[in-house]
């Protein structure tokens, strides 16, 4: 079993839809959880950052962490064509250990 | 502007040659990382360094080497021992004890 599992998609939704992206993990020691957005042929950019459990909201984006279920989610409200990208979840045990990434979910938002 | 600069953006290598990818950061971050990205594979860790003159192997270090002589710089050499080097290489740096990593724009290496 891989440490971080993420459905690669592709996921295609109409403009304005609510998008739900998810990752599961097996390592209960993970405490830092991140979502990155990667456009084609570009480096990933940090989208959301959460320490331990709970929710975090930033504009149209909401990140949720459920450590009891080893499950994290990213919700995108009122999705836009500019949201079309690959979304990578990442996590680490401590602030000084390297991130472990999911394989990424490719999202297309159709106008 | 603060950030992470990778160069070159595109690199072509003949089989049997060593090539070095550059990564420079002016964010004053202590830790730096190299990841490799292949289609459908996500990001896989090659090497990382938490302080100058020290570095650790990641999950796929075979065929690669690094150095960390300065805090700002973490070059990656892809040696001829790397059997399948064609990939997108990403350099990152992170704030100590925060777990946040920021990425450069990547170098696409192609073996010709």
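No lab work stands behind these numbers, since they all come straight from the coordinates. All values derive from a computational prediction rather than experimental measurement. Positions of Cβ are generated from backbone atoms using ideal geometry, with glycine treated the same way; all protein chains shown enter the neighbour counts.
Odds and ends about this structure:
- Share of pairwise Cα separations in chain B, more than 18 Å, in percent: 44
- Pairs of Cα atoms in region B:70-112 fall into 10 Å distance bins, from 0 up to the last occupied one, in shares of 22, 44, 27, 6, 0 percent.
- Computed over chain B with a Gaussian network model linking Cα atoms closer than 10 Å, the most mobile of B:50, B:17, B:25 is B:17.
- By the count of neighbouring beta-carbon atoms within 10 Å, fewest first, A:34, A:48 end up ordered A:48, A:34.
- Annotation: Cα Rg of region A:56-97 relative to the compact-globule expectation 2.2 N^0.38 Å equals 1.39.
- All Cα-Cα separations within region B:22-80 were binned at 10 Å from zero, giving a P(r) of 23, 54, 21, 2, each value a whole percent of the pairs.
- Rg and Dmax [Cα atoms of region A:1-57; Å; Rg one decimal, Dmax integer]: 13.4, 37
- Taken over chain A, the alpha-carbon convex hull comes to 96 cubic angstrom per residue.
- Residue order, fewest to most surrounding Cβ atoms within 10 angstrom, among B:46, B:95, B:4, A:110: A:110, B:95, B:4, B:46
- Fewest-first ranking of A:2, B:83, A:56, using other Cβ atoms within 10 Å as the exposure measure: B:83, A:2, A:56
- Euclidean distance of C-alpha centroids, region B:45-112 and region A:80-111, integer Å: 20
- Calculated on the alpha-carbon coordinates, the convex hull of the protein assembly as shown measures out at 124 cubic angstrom per residue.
- Exercise: per-residue mean of other protein chain Cβ atoms within 10 Å, A:100-109: 3
- Bridge orientation summary for chain A: considering DSSP beta bridges with both residues in this region, about 90 percent are antiparallel.
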